[in-house]
Amino acid sequence: MENWNAVWITDPAFAELEGISMLHKEYNPPKEGERPAHPEHLKNRHVYFRKTFRLEEKPEQATLKITADDYYKLYVNGVFVGQGPAQGYPFHYNYNVWDVEAYLHAEINTIAVHVYYNGCINRAYNSGDLRMGMIAELETGHGVRVGTDRTWKYSVAPHFVSPGTIGYETQFAEDIDQRLYIAGWGQPGYDDASWARAVEKHDADYVLVEQMTPPLSVYRMAPASVRELEAGGYLIDFGHEITGQFEMKARGEAGEVIRIRQGEELEEGGGSVRYEMRANCRYEESWILSGGDDTLEQFDYKAFRYVEVAVEGAGNEGGKETAENAGEVQAGGTGKEAAENADELAVEGERDASKVAADGEGKVESKVMGCRAVAGIQPDSFAAIVRHYPLREESCFFESKDTMLQQIWDICKRGVQLSSQENYVDCPSREKGQYLGDNTIIGHTHMYISGDARLFKKAIKDFALSAQACPGLLAVAPGSFMQEIADFSLQWPMQLLNYYEYTGDVEFLREMHPVAEGILAHFRQYAREDGLIESVKDKWNLVDWPDNLRDGYDFGLGRPVDDGCHNVINGFYIGCVEAIQAIREYLRIPFEDELPALRRSFVNAFYREETKLFADSVDSMHASLHSNIFPLLYDIAPADSVDAILSLIAEKRLSCGVYMSYFLLKALAKHKRADMVYELIACGDERSWANMVREGATSCFEAWGKEQKWNTSLCHGWASAPIPLLIEEIIGLKPAKPGWSEIRFEPRIPEGMKDFSLEFPTAQGPIRVEYAAGELKLHAPEGVRSR
């Protein structure tokens, strides 16, 4: 923060607390007493900061640098500007830069920031470390005009009262008591005389870096339909899976409670929302009305399609209990003030139409014609405030006359769109964590559907930074939950190579290369004399997930793993070596080719001549599907074994998880079996993408079906393998040179594939392919040669 004029400010409750280092090896956690206990009353902390200032004239140009820990939502003169930052470690903490001249005017202005500190150790936030607060700096053509310091005012936001956490302590449920809301807190005319001053925290230990990715796209979306329920209330359908917050307006008696339930699907019969979701999330919350005109404004986001709202009843007892449990609501003098203002119009800032695009309240109204206002609920106000990484829908399109293939593409695209937040998330509900192995598939797909590789680049960097905990990397990063998965770590060099070949970003490749070498060095400590690795006990050996889709894999995968040498971890290890050698070649770094010896060792250890298949471990004869994927993918299998392996795959088909299917399909493509790739993508088996469609998917699932895992999330980007496989291995488009400066075009259109058109963006311009009546046409960007 040395280059900032502003200083870090915080809630006084955190002023004397020392930040905790959260990084450690998963199997070597801090011993009892080594880390201070986290005060319970400081979890789920919502705090408002504001500063009113004067400008002599409206600036022609103005930028606001800002970040907060854990998260902020920014308002200028009562108008929502944006939110952030992307989570990060304190030693590499992201800040955002906003152009704010449009929000400012001459004379009096107010910057208002809602800062949230979660306080739990989880995958969604880099929290639980007692670091809380914000820093901001407004600069115009006349220099820095405003910066955070002790002249800023603060108040705890007392109306957020949580009954508990959701998912794996991923987020807090948001029961909201509108009577305690501080009306108008973000407006320039609000009187904050009773608010306390923020505290400067000069020992804040952040290293701030400008976020390399753009802020989230945040916009308003109208429901697809609204149905009035016979028992009272409404059932709202947004038409497909979304990520964001639900918004509505109501006017009722003070203390009246509206119950809000959200979910990804309906209960049997379709009359109510399944709010106790399969993914171990309970989306049920209460909204206590103030007696005036109220607007529900939730803070954290959920993954949902349906919402059910109904009035529970009136009475002040619930409100009294809510206030009693609200924590330190008197901090900054806010409790009394909130009660006095409870009947005022409570709107946390008009959302800026350029940031929260109104899909049109007219559209909302058109969907609810015939619905009357029930108990003060205004059905024409129902909306979702959707959020995800920016994605122009027209950037990438695929149109097929094969209805099922089209639906498979669409659910995969939406699954990745919604799994792309400030970072990639495995699912936007239960965990909201960025998992290294998931990124192999999500990042690959996301580059194609967006043409924007910055989020993938950031993800690769995030995991490189986790090397401070272990040079073999963490499985979740950033975040305060420590988890390590060996299979995932070995994929990081493959991701770096994939990113480079898509972008041509050689400087980043060079910067990250030492991290790749560090991964290799970490796993070499487990090498046997023949070069294979065994007993990799410092990390979970996953093989596949869920564990019921490992096809009977015959090796003890406890945590830690059994002693011995098994197949899949060595398959990934050889893939890691192959990727690092390719990186060295691109960087013109001399090396000795290790692959021939490693491949021989793999064959000697796992190949069974009598069956011409590969076994699961050195001591096993069982040949799972998984153990025969990597011998194909990494050119290990003897030539006379390929037919037997292909026969095994034809028999077992998708006897794996959706995650492993990515490697299975790539292995088939490596041996020119595009017909099998296409057939498995489009098949209607119980384990298939078509089964997701049959079960009503609007985004790809975590498993092949709702009942095929005990806690299936219905939005999981790691199931998106069909998109990169269709583009690269069936339609046959790959970069022949890094950055798409030259295109490799090797179509393998299988017999019976119906007409389609495809367009996707690259750094050189869009690439378009049309297939009709058996003819295939490629339209390459001007000046780009195709092979």
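The values are calculated or read from the model by the stated rules, or taken from the named source; none is laboratory data. The structure presented is a predicted model; accordingly, all values stated were derived computationally and were not measured. All Cβ positions, even for glycine, are placed from backbone atoms using ideal geometry, and neighbour counts span all protein chains on display. With ligands, DNA and RNA removed, areas are computed over all heavy atoms of the protein, side chains included. Shrake-Rupley method; radii C 1.70, N 1.55, O 1.52, S 1.80 Å.
Measuring between their Cα centroids, the range 764-782 and the range 21-76 lie 48 Å from each other. The residue list N498, L714, Y103 was ranked by how far each Cα lies along the charge dipole of the chain toward its positive end, using unit charges on Cβ atoms, and N498 comes out on top. Taking a straight line from the alpha carbon of K65, these lysines sit under 30 Å away, with near neighbours fewer than eight places off in the same chain left out: K43, K51, K73, K153, K201, K302, K355, K432, K457, K458, K461.
When the convex hull of its Cα atoms is viewed from all sides, the chain shows a mean projected area of 34.5 nm².
Relative to the longest principal axis of the chain, what angle (0 to 90°, nearest 10) does the C-alpha long axis of helix 506-524 take? Approximately 70 degrees, to the nearest ten. One Cα centroid belongs to the range 156-214, the other to the range 402-437; the line between them spans 29 Å.
Suppose the chain between H105 and R150 were pulled fully straight at 0.36 nm per residue; how much longer would it get relative to their current alpha carbon spacing? Can you show the working numbers first?
Details: separation 45, 0.36 × 45 = 16.20 nm, distance 2.41 nm.
Contour length minus Cα-Cα distance gives 13.8 nm.
Annotation: lysines with alpha-carbon distance below 26 angstrom to K672 (same-chain offsets under eight excluded): K401, K413, K612, K652, K734, K737, K754, K777.
Quick one: if the Förster radius is 22 Å, what FRET efficiency do E529 and V506 give, using the C-beta to C-beta distance and rounding to 0.05? Mind dumping the intermediate values first?
Working: r = 37 Å, r/R0 = 1.66.
Computed FRET efficiency for E529 and V506: 0.05.
Projecting the Cα atoms of N77, G705, A112 onto the charge dipole of the chain (Cβ charges, centred on the Cα centre) puts G705 farthest toward the positive pole. Among the GluC sites (Glu not before Pro) within the range 574-607, those in coil by DSSP and having at most 11 neighbouring Cβ atoms inside 10 Å are E592.
Solvent-accessible area assigned to carbon and sulfur over the chain amounts to 46 percent, based on a 1.4 Å probe. Report, to the nearest 10°, how far helix 595-606 tilts away from the longest principal axis of the Cα atoms in the chain, using its own Cα long axis and a range of 0 to 90°. Orientation of helix 595-606: about 80 degrees from the principal axis.
Given the Cα-Cα distance of L587 and E2 and 0.36 nm per residue of separation, how much length would full extension add, in nm?
Details: separation 585, 0.36 × 585 = 210.60 nm, distance 3.44 nm.
Extra length from L587 to E2 when fully extended: 207.2 nm.
The Cα trace of the range 689-739 gives Rg and Dmax of 14.2, 44 Å, the first to one decimal, the second as a whole number.
So if I place +1 on the C-beta of Lys and Arg and -1 on the C-beta of Asp and Glu, and nothing else carries charge, what would the dipole magnitude of the range 547-701 be about its Cα centre? I want it in debye, nearest 20. Write out the running numbers ahead of the final one.
On the way: 16 positive and 23 negative charges, 95 e Å.
Once rounded to the nearest 20, the dipole reads 460 debye.
For the chain, the Cβ-based charge dipole about the Cα centre amounts to some 1300 debye (Lys, Arg positive; Asp, Glu negative; other atoms uncharged).
So which lysines can K537 reach, going by Cα to Cα under 23 Å and dropping same-chain residues fewer than 8 places off? List returned: K25, K31. Pairs of Cα atoms nearer than 8 Å and 6+ residues apart set the relative contact order; for the range 42-168 it is 38 percent. Dividing the convex hull volume of the alpha carbon atoms of the range 100-235 by its residue count gives 224 Å³ per residue.
Mean projected area of the Cα convex hull of the range 91-179, taken over all directions, amounts to 8.8 nm².
Would you please give the FRET efficiency between D635 and E210, computed as 1/(1 + (r/R0)^6) with r the Cβ-Cβ distance and R0 = 41 Å, to the nearest 0.05? Spell out each step's value before the answer.
On the way: r = 42 Å, r/R0 = 1.03.
The pair D635/E210 has a calculated efficiency of 0.45.
On alpha carbon coordinates alone, what is the Rg over Rh value for the range 601-645, Rh being the Kirkwood radius? Write out the running numbers ahead of the final one.
Details: Rg = 9.0 Å, Rh = 10.1 Å.
My calculation of the ratio gives 0.89.
For the range 589-748, would you read off the P(r) tail past 22 Å as a percentage of all alpha carbon pairs? Above the 22 Å cut-off, the range 589-748 has 51 percent of its Cα pairs. DSSP assigns beta bridges within the chain; of those with both partners inside it, close to 90 percent run antiparallel. How tilted is helix 658-670 with respect to the longest principal axis of the chain? Cα atoms for both, answer in degrees (0 to 90, nearest 10). Roughly 40 degrees between the two axes. Values of log10 I(q)/I(0) for the range 568-651 across q = 0.16, 0.17, 0.20 Å⁻¹ run -0.60, -0.66, -0.85, by the Debye formula with one identical scatterer at each alpha carbon and no solvent. When the label point is put 7 Å from the Cα of R392 along its Cα-to-beta-carbon vector, which residues of the range 424-457 have a backbone N closer than 20 Å? Within reach of a label on R392: 445-457. Relative contact order, whole percent, for the chain stands at 12, derived from Cα pairs under 8 Å and 6 or more residues apart.
Ordering H46, A6, L17 by Cα displacement along the dipole of the range 6-64 toward the positive end leaves H46 in first place; charges were set at the Cβ atoms of Lys, Arg (+1) and Asp, Glu (-1).
At a threshold of 8 angstrom on Cα-Cα distance, excluding pairs fewer than six apart, so keeping six or more, what relative contact order does the range 518-597 reach in percent?
Values: 61 pairs, mean separation 21.5, N = 80.
Relative contact order here is 27 percent.
Loop only by DSSP, 16 or fewer other Cβ within 10 Å of the Cβ. Give me the trypsin sites (Lys or Arg not before Pro) in the range 666-742 that pass, ordered by residue number. Could the numbers behind the result be given before it?
Numbers: sites: K666, K670, K672, R673, R687, R694, K706, K709; in loops: K672, R673, R687, K706, K709.
Sparse-neighbourhood loop trypsin sites (Lys or Arg not before Pro): K672.
Beta carbons within 10 angstrom, averaged per residue: use that to sort the peptides 503-511, 40-48, 298-306, 744-752, highest first.
For the peptides 503-511, 40-48, 298-306, 744-752, the packing ranking is 298-306, 40-48, 503-511, 744-752.
Per-residue ellipticity at 222 nm from helix content only, as computed over the chain with -39500 (n - 2.57) for each DSSP H run of at least four residues, stands at -7000 deg cm²/dmol. Measuring between their Cα centroids, the range 273-296 and the range 483-561 lie 41 Å from each other. Summarising the label geometry, the points placed 7 Å from Cα in the beta-carbon direction at R608 and F53 lie 7.2 nm from one another. For the range 663-731, the Cβ-based charge dipole about the Cα centre amounts to some 160 debye (Lys, Arg positive; Asp, Glu negative; other atoms uncharged). Hydrodynamic estimate: the Kirkwood radius of the range 426-484 over Cα pairs, inserted into Stokes-Einstein at 10 °C and 1.306 mPa s, corresponds to D of 134 µm²/s. Accessible area per residue for the chain, computed on protein heavy atoms with a 1.4 Å probe, is 36 Å².
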